Each structure stands twice: as structure tokens, then as C-alpha cells.
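Enquirer: Below are the C-alpha cells for one structure; questions will follow.
The values are calculated or read from the model by the stated rules, or taken from the named source; none is laboratory data. Keep in mind the model is a prediction, meaning the values are calculated, not measured. Please note: Cβ atoms are built from the backbone with ideal geometry, for glycine as well, and neighbour counts cover all protein chains shown. Note: accessible area is taken over every heavy atom of the protein model, side chains too, but ligands, DNA and RNA are not part of it. Shrake-Rupley method; radii C 1.70, N 1.55, O 1.52, S 1.80 Å.
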Amino acid sequence: MKIGIFTHYYLSDNYGGNLQAYALCKVLRNIGHETFQICYRREIINRANLFQKFFCFFRYRSKRTIVSLCERDFYNKICERKKAILEFNQHSVPHSTKIYDDSTLSELNDEFDMFVTGSDQVWHPNVLCSGFLLEFCHDSKKKTSYAASIATTKVDEESKIRIRKALESFSHISVRENDSLKILSDMGICNCEWVLDPTLLLTADDWRTISKPLALTQNYVLTYFLGENEVSRRYATEYATRNNLQLVSLPYLLNQYRKCDKNFGDVQLFAVSPEQLIYLIDHANTVFTDSFHATVFSIIFKKNFYVFKRNNSDKMTNRIQSLLEIFDFSERFITEDSEYDDIFYEAIHYTDSVEYELMREKSYKFLYDALNTTIEK
């Protein structure tokens, strides 16, 4: 069967987005299906998105001005990183040769047998679109979601109506966060399952087959911070000092100049590909992060790790907390009330997680059922 996947893939320079896009294609191809990420150019669909785009644009322009004054080579370094990520995006992830937008999506019905939306934040109210909701599909085509994320607890009424209407024609529905089940249930969508992010369906050995080494000669702490939380950086620095470890950082991960990143880390890495990021996590002594996928790979490679809020108003932690619950690692989520000596004394002692194995089995069963169900006509 030929399957088209819709997620935040097209020209993405996000590490996690690319790795989850690769993983779902890999899993479905391993099962025996011809699978491609759809190159989909989303369109702005509401005023909220329009305002957000303009706000981000002007903020980016203002930060570029600051950059030109504070850090002359910043832009070149960020371009090197984007180039490394896009190389993986274009050459390692199977994708459609044609780029589609809302006006041409219907053409896909002639080429594909089934469509999947997810994983990642495809149902956040700010990104709702025909592609992510599979609104363009003919009734004769299979439609399912795999580990789709709403990524917020606040969904406006207009978005609820659109999501509910779109999902009525899905044969199978699954989400990435446990609390999304309640959100969809409140919308009247009850035939939904909680499944693993696709990156967790591949083993450590699977990921090591695409891992690419970096020349680091000392034992190190890896930091991967998307937010500007100064506490997380202070704890990482103190941990590295106490344990005589090098502090390796990937600064400016949101492609914006940030003062907190300027001199942070003994080694700062920019031109890191997704394959090299896998290597960095796999070979780190300890990982400090506020990222969902950095947490995922820390668990896959059985690393010692600590997770933080991105900032005081962080509303994205539900997906990380949902992940930590599966492995009984909730204590690894560090809050402002945590005492340093209490939380950083003992490393993780990994044991087989029964719940993870059950979730993994459940996730694969969901995919098999979705792939093999016959559409009633």
C-alpha cells in the first residue's frame, strides 16, 4: 500500500520534527508499505496565525539587528546548522517529489491509497489546515492519525468544531499525549488511543545505524535547551564542574540570538546534523534538556538525564511529563522547588519498563489495525 504522511516535515530545520518524520516512514516501510512524507506548503488560515507570523517576522528582524551588533558570525553559524539539518531532511527522509498546497492536495487521491497525519503538533489550533486534518481526502481513502498532538489545553470553539468534523471520517485516531484523550473526548471523539511517538518505535540499534560521530575527546554533559531558563543552565554548569565533565551546548536552537547562550558551554556546536545529534546524546555522560525529543533519545540510549521547563510560563511540558510517566521517570522533571543535592546525586538505573513494552506493543497493534482495516462503502 502507498501511504502519504502529513506532518511538520517540508523544509523543516527542527531536529525533533525531522527525526519523527524519518521514524514513522521507517516503521511503516519496515512493515512493508511504500511510505512518503508529503511536501506540503501550509497556508495561513486565520487572523491569529497571520498576527503570529507578522509578530515572529518583526521579532526576528529586530533580533537580527541585535545580532549584527553583538555577534557578527551568528547568522553564518545558524545557516551552517540549517544546512546540516536540511541535508538530512532532503536525503534521508522519503518524500514526495512534488510540493503541494491547499489548491493541489486533491491530486494526492490519485497517487496514494492511505493518508496519515502525525506525529507532532498537527492539531494545535494555530496550525489547523486541510493537509493536517486530511480534509482533502476522498471517502474511498483510508485516513488515520498516528501520535498526533494538540499541544495545548486551550482550544477555541471554532477549532473544536473543525477538528471534530474532520475526525468523524477517520478510521483510526491516536494521539501522543495522554491528556489529549480527554480533550478529544470533550469534543465527542471517543474512539481514540494513546500511542508512542514514532521515534520510540525504533530501537537504539536502529538509530545507531544512521548515527554519525563527532570528534569530542573528553567526557561531556550535553545541553539541549530551547528555552531561556537560567536555572537549567546554572544546574548544568554546576553538574559539569562537580563531575569534572566538559559542558557541550547547542546554542540558539530557535535560530534567534539569545544572551543566555552567548558564552554558555565549554564547547559550542552549530553545524550538527540530526544523525550527529543522535551520536551526541548516545555518547554523553548526562543530558540536560527542555526538549521532548532530546528526552526521548536520552531514554532510548539509557542516558542519565534531567528535564526542565523552558521558561516560567511554559505550556509545552505536558508532552514531556506524559512521556516520563510511561517510564516512571517523573522525578527527572526538575522544578524551581527542587534541591540541587537531592536531585543530582544519583544516576538513573535503567530496568525494563513493562509499561513501555505494553505501549510499544499497543502502538504497533494500532498501526497494523489501521493499515489492515477495510473501509466500509
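Enquirer: Students often forget the sequence filter, so: which lysines lie under 25 Å Cα-Cα from Lys141 once same-chain residues fewer than 8 apart are removed?
Expert: Cα-Cα hits under 25 Å: Lys2, Lys26, Lys98, Lys160, Lys165, Lys362, Lys365, Lys377.
Enquirer: Work out the length of the dipole vector of the chain about its Cα centre, built from +1 on the beta-carbon of each Lys and Arg and -1 on the beta-carbon of each Asp and Glu, and round it to the nearest 20 debye.
Expert: I would put it at about 1300 debye.
Enquirer: Distance from the Cα centre of region 287-307 to that of region 348-365, in angstrom?
Expert: That distance is 16 Å.
Enquirer: Under a Cβ-Cβ cut-off of 13 Å, what is the net charge of the residues other than Phe301 that fall near it, where Lys and Arg count +1 and Asp and Glu count -1?
Expert: 0
Enquirer: Tally Lys/Arg at +1 and Asp/Glu at -1 over every other residue whose Cβ is under 14 Å from the Cβ of Asp101; what's the total?
Expert: -1
Enquirer: Still on this structure: Between Lys142 and residues 5 or more places away or on another chain, which pairs have amide H atoms under 5 Å apart, with H built 1.01 Å from N, and which residues are they?
Expert: Hits under the 5 Å cutoff: Phe115.
Enquirer: Read phi for every residue in region 98-113 and hand back ³J(HN,Hα) as whole Hz from Karplus 6.51 cos²θ - 1.76 cosθ + 1.60, θ = phi - 60°, with x for Gly and Pro.
Expert: These are the phi-based 3J(HN,Hα) values: 9, 9, 10, 10, 4, 7, 10, 4, 4, 4, 5, 4, 7, 10, 10, 8 Hz.
Enquirer: If DNA, RNA and ligands are ignored and the probe is 1.4 Å, what is the ranking of Asp266, Asp73 by accessible area, most exposed first?
Expert: These residues rank, largest area first, as Asp266, Asp73.
Enquirer: If I compute solvent accessible area with a 1.4 Å probe over the protein chains, what percent of it on the chain is carbon and sulfur?
Expert: Roughly 47 percent, rounded to a whole number.
Enquirer: Show me the GluC sites (Glu not before Pro) within region 108-216 that DSSP assigns to loop and that have at most 12 other Cβ atoms within 10 Å of their Cβ.
Expert: Glu111, Glu168
Enquirer: Order of 255-262, 285-292 by packing, highest average Cβ count within 10 Å first?
Expert: 285-292, 255-262
Enquirer: Then there's this: Over the chain, give the accessible area per residue in Å² for a 1.4 Å probe, as an integer.
Expert: Ligands and nucleic acids excluded, the result is 48 Å² per residue.
Enquirer: Hey, another quick one. Report the local net charge at Gly188: Lys and Arg +1, Asp and Glu -1, summed over other residues whose C-beta lies under 15 Å from its C-beta.
Expert: Around Gly188, the surrounding residues sum to +2.
Enquirer: Output ³J(HN,Hα) for region 361-369: one whole-Hz value per residue in order, computed from phi by the Karplus curve 6.51 cos²θ - 1.76 cosθ + 1.60 with θ = phi - 60°, and x for Gly and Pro.
Expert: Those phi angles translate into 5, 5, 5, 5, 4, 4, 5, 4, 5 Hz.
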